[in-house]
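> Before I ask anything, here is the structure I am working with.
The values are calculated or read from the model by the stated rules, or taken from the named source; none is laboratory data. If you're wondering where the values come from, they're calculated on a predicted model, not measured in any experiment. Note that each Cβ is placed from the backbone with ideal geometry, even for glycine, and that neighbours are counted across all protein chains shown.
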Amino acid sequence: MNWREIWFMLWPNKDKELKRDIWKIWKIRAKGAWLRFRREIKWELIELWRDIKSLPGKIRRRVWNKHLLLTWNRLWIRKDEFDKSLDMDFKAIMEMNEAEREDYLMDLVKRRMIAHDRDLDKQDAKYFA
């Protein structure tokens, strides 16, 4: 016994055309709901694939930009205040939480100020010597 027979057993026999129309409408709605469900599942899988596909880049940004490159830039303060290492690294900032971002910005400002003072000392020595 299929669903259609069960459906027709539940209704009285006098309105067969009405039952057929209701059955067709229900079938169309069920098919539409199934297609919407499949489309939603498809987009969920696409988003999951994009997340998985972006993992190597995210790992690279987290390890290289956030840890290795920032540690390398903090090894010594550059004498030139326009050095590339004193630029804000947005790829590294993207991977930081709020506390790390605040520490990074404070450290960057401190290193820029030291480099600026050294640059001024160098210019003073050049002009007053």
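> Condition first: among the charged types (D, E, K, R), surrounded by fewer than 10 Cβ atoms within 10 Å (Cβ to Cβ) and either within 30 Å of residue 115 (Cα to Cα) or free of Cβ contacts under 8 Å to residues at least 40 places away in the same chain (or both). Can you find one or more residues in the stretch 59-80 that meet it?
No: the stretch 59-80 contains no residue that is among the charged types (D, E, K, R), surrounded by fewer than 10 Cβ atoms within 10 Å (Cβ to Cβ) and either within 30 Å of residue 115 (Cα to Cα) or free of Cβ contacts under 8 Å to residues at least 40 places away in the same chain (or both).
> Could I ask something else about it? In this structure, does residue 74 turn out to be at pLDDT 80 or above, under 30 Å from residue 123 (Cβ atoms) and of a type in the set (D, E, K, R)?
For residue 74, the condition - at pLDDT 80 or above, under 30 Å from residue 123 (Cβ atoms) and of a type in the set (D, E, K, R) - is met.
> On to the next question. When you go through (1) under 40 Å from the mean Cα position of the chain (by Cα); (2) at pLDDT below 85; (3) assigned to a helix (DSSP H, G or I) one by one for residue 93, which number turns out not to apply?
Going through (1) under 40 Å from the mean Cα position of the chain (by Cα); (2) at pLDDT below 85; (3) assigned to a helix (DSSP H, G or I) one by one, residue 93 breaks only (2).
> Please count how many residues of the stretch 40-66 are part of a loop (DSSP other than H, G, I, E, B) and touching a helix residue (DSSP H, G or I) at 6+ places or on another chain (Cβ under 7 Å).
Total meeting the criteria: 0.
> Check whether at least one residue in the stretch 88-97 is assigned by TED's automatic domain parsing to the domain that holds residue 115 and touching a Ser or Thr at 6+ places or on another chain (Cβ under 6 Å), and report yes or no.
No, because not a single residue in the stretch 88-97 is assigned by TED's automatic domain parsing to the domain that holds residue 115 and touching a Ser or Thr at 6+ places or on another chain (Cβ under 6 Å).
> Now for a separate question. For the stretch 90-122, give me the residue count where each residue is touching a residue at least 40 places away in the same chain (Cβ under 8 Å) and of a type outside the set (Lys, Arg).
The number of residues fulfilling the criteria is 1.
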